[in-house]
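What follows is one structure encoded as structure tokens, with my remarks underneath.
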Amino acid sequence: MTSIGGAEMVDWNLAVATATRLVRPGPEVSRDEARAVVAELRRHAKSSEEHVRSFTGMGTEETHDTPVLVVDRAGWVRANVEGFRELLKPLLDKMQDKRSGTPGGAVLGAVGGKVTGVELGMLLSFLASRVLGQYETFAPATRDLPAGANGGGRLLLVAPNIVHVERELDVDPHDFRLWVCLHEETHRTQFTAVPWLRDHLEGEIQGFLGETEVDPMTVLERVREAAQAFATGRGDAEEDAASDGGRSLVELVQTPAQREILGRLTAVMSLLEGHADFVMDGVGPDVVPSVAEIREKFKERRARGASRLDQVLRKLLGLDAKLRQYRDGERFVRAVVEEVGMEGFNRVWTSPNTLPTKAEIAKPAEWVARVHRKAD
């Protein structure tokens, strides 16, 4: 619904209010403990810069202009709403121009902003208790949420969620906090050290959004068919690639052109997520004494999943695909580094043409052969 109608179809303030009202409370901590966690996360974020640069060979000695913000769940919601507003603005403007003459547009407009605000708020409330950290690539600066100059983004660390998971896993909290910061700092390094990456990713996303159906009734019909296909599927946590019942609602409402763009986006996101996982584990043994225990328990937590409802929501929203991106991307990075070394792997950042395709993510040797032009 957020992609139907004009800008007034999304009540952004209501989305924030809904999410902050519905989000689960964080773990109980004293005020002194909360302050200590925030201070430690800031220290780890700073120290992670040098660890990541040294391990990857990326970046410079210059200080990143992207701020590090340690936030609670409500702060994460506010930051992401601002990001959505920025990224979706061209699409919503396009919908606004089309809606006046579109069948059903008046009805959708009447329901509009409140409905979409609540829907978006419900989605954000679900995600706000699960995200440990996030590099906001397209974050606009606001009074309460600074961002880097010239679209430099910002790095968010969600303190309540980090504390919750470290307690759930029963791991050393200081090691776990540094381990998380290494992952998120890798994302910050990716975008600050590779100047063209942000514009490339934004272009792909805008291309995807530009292919969105502008006829509200057509979109509603596609959503209805997708929902029915999902409802008749097994609903298992594992993907059934042979049937629509195993695909997410997001995947099912795409046009053919959007599927092509999504294939490229999936490859890029797999690379970015897998690279961050590879770096956090590669740096870990030298600076995180209990990294092996943390990784093992974290993998078990991912595999175990949560409640049945949580599994269904993850499937519906396509979050299972993100978990596969971590796994497949890390396997790609590891295989390439073993074959051609870190310097050879870093050719991936040369230009959009050296990014791996979705097929190459699954078969790293094909990327090595193409980019390094191996005779064999």
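Taking the criterion of being part of a helix (DSSP H, G or I) and surrounded by fewer than 19 Cβ atoms within 10 Å (Cβ to Cβ), the residues of the stretch 176-195 that qualify are ALA193, PRO195. Residue count for the stretch 195-213, restricted to those that are touching a helix residue (DSSP H, G or I) at 6+ places or on another chain (Cβ under 7 Å), among the acidic types (Asp, Glu) and at pLDDT 80 or above: 1. Checked against the criterion of being under 25 Å from LEU178 (Cα atoms), among the small types (Gly, Ala, Ser) and at pLDDT 90 or above, the candidates ALA147, ALA74, ALA139 yield just one match: ALA74.
A single entry from VAL287, VAL340, VAL312 fulfils the requirement of being at pLDDT below 60 and over 18 Å from the mean Cα position of the chain (by Cα): VAL312.
The values are calculated or read from the model by the stated rules, or taken from the named source; none is laboratory data. Source: prediction; values computed, not measured. With ideal geometry, Cβ positions are generated from the backbone for all residues, glycine too; neighbour counts draw on all protein chains shown.
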